[in-house]
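Remarks on the structure that follows.
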Amino acid sequence: MNRRPTLWLLLSFALVLLLAFACQQFTGAEYFIDSSSCNGCGECIRICPNDAIYYNQSGKAEIDQTKCTHCANCVAICPNNAVY
């Protein structure tokens, strides 16, 4: 009986668990918007599913950390890489 497929399945499962644990450790980080890089395009505001991003008095986007769920949609869509 060939045990290689079973071994690969177990190793793959262990890798998935390890990655899930690692991602869980980093998802608690807060996101910020660099006001000098933000051009006020509003893409991050449009894509945020929790309305956690808003314009401040300067016309730049800011993140309400109490509403942010760390989905990273804003990071992915920002054309100026102002969200980090």
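Bear in mind these aren't lab numbers, they're just calculated from the coordinates by the rules spelled out. Since the structure is predicted, the reported quantities are computational estimates derived from the model, not experimental observations. Backbone-built Cβ (ideal geometry, glycine too); neighbour counts: all protein chains shown.
Roughly what would the spin-label model give for Leu10 and Asp64, points 7 Å off Cα along C-beta, in nm?
The answer from the label model is 5.0 nm.
I want the local charge near Ser35. Using Cβ-Cβ distances under 14 Å, sum +1 for each Lys or Arg and -1 for each Asp or Glu among the other residues.
Around Ser35, the charge tally is -1.
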